[in-house]
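Undergrad: So that we are looking at the same thing, I have put the structure below in structure tokens.
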Amino acid sequence: MSCTRCALSAGRNNVVFGVGDPEADLMFVGEGPGAQEDLQGEPFVGKSGKLLDQLMLEEVGITRDRCYIANVVKCRPPGNRDPHPVEIETCRPFLERQLELIDPRVVVTLGNFATKLLLATDEGISRVRGRSYPYRNGVLIPTYHPAAVLRGGGQALAQMRADLVRAKQALARVPV
């Protein structure tokens, strides 16, 4: 919580580490905190978070207290800009440790940054979503970031819903 390893620490109100069940089978990984997340110290609490909560309930049948939600970077990039590569690499050990400790069976990446980092790919989200990938002791399912869905309309929403159904199916078949 007192990290000052990169320049993002200078402009933050709160470190947004993560929230949810530390023994969850399902973990969501987003990009980084926005303005509301920075103020409240919790990931996905703004409009994007409301959409994520709604889709988790409707497509997976769970609420945020039954999963774990984290971000690639733990401090808000100024002006909501994309995180820089050095910021991502600086925060990476924290995310890796979260993944190790929580040990989810299913990881859902939300958007390009989380997907590219965890799949170690340069391909964008629209190319890699729609499938599941072996990851650690389970699977990784990439999908759109809820903010992109809010901007992108019906098709993006339908695709994100399908990806979350894929996550629910993976939870049912990936061994405990």
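Undergrad: Return the residues of segment 79-98 that are within 22 Å of Gly124 (Cβ to Cβ), of a type in the set (A, V, I, L, M, F, W, C) and under 15 Å from the mean Cα position of the chain (by Cα); say none if nothing qualifies.
TA: Of everything in segment 79-98, those that are within 22 Å of Gly124 (Cβ to Cβ), of a type in the set (A, V, I, L, M, F, W, C) and under 15 Å from the mean Cα position of the chain (by Cα) turn out to be Ile88, Cys91, Leu95.
Undergrad: Can you tell me which residues in segment 45-70 are open to solvent by less than 10 Å² (accessible area, probe 1.4 Å) and either out of contact with any strand residue (DSSP E or B) (no Cβ under 9 Å at 6 or more places or on another chain) or at pLDDT below 95 (or both)?
TA: Leu55
The rows are residues; the columns are (1) open to solvent by less than 60 Å² (accessible area, probe 1.4 Å); (2) more than 17 Å from Leu51 (Cβ to Cβ).
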{"site": "Val139", "(1), (2)": "yes, yes"}
{"site": "Leu150", "(1), (2)": "no, no"}
{"site": "Ala156", "(1), (2)": "yes, no"}
{"site": "Asp163", "(1), (2)": "yes, no"}
{"site": "Val174", "(1), (2)": "yes, yes"}
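Undergrad: Okay, next question. If you take the residues of segment 93-130 that are charged (D, E, K, R) and open to solvent by less than 40 Å² (accessible area, probe 1.4 Å), which of them is farthest from Tyr68 (Cα to Cα)?
TA: Taking the candidates together, the pick is Arg129.
Undergrad: Still on this structure: Can you tell me which residues in segment 118-149 are touching a helix residue (DSSP H, G or I) at 6+ places or on another chain (Cβ under 6 Å) and touching a residue at least 40 places away in the same chain (Cβ under 8 Å)?
TA: Matches in segment 118-149: Pro146, Ala147, Val149.
Undergrad: To continue, here is another question. Touching a residue at least 12 places away in the same chain (Cβ under 8 Å) and either part of a helix (DSSP H, G or I) or at positive phi (or both): does that describe Leu164?
TA: Spelling it out, Leu164 is indeed touching a residue at least 12 places away in the same chain (Cβ under 8 Å) and either part of a helix (DSSP H, G or I) or at positive phi (or both).
Undergrad: Limited to segment 64-94, what total is found for residues that are over 20 Å from Gln36 (Cα atoms) and in a loop (DSSP other than H, G, I, E, B)?
TA: The total comes to 2.
The values are calculated or read from the model by the stated rules, or taken from the named source; none is laboratory data. Since this is a predicted model, take the numbers as computed values, not measurements. Cβ sites come from the backbone with ideal geometry, for glycine too, and all protein chains shown count toward neighbours. Accessible surface areas use protein heavy atoms only, side chains included; no ligands, DNA or RNA. Shrake-Rupley method; radii C 1.70, N 1.55, O 1.52, S 1.80 Å.
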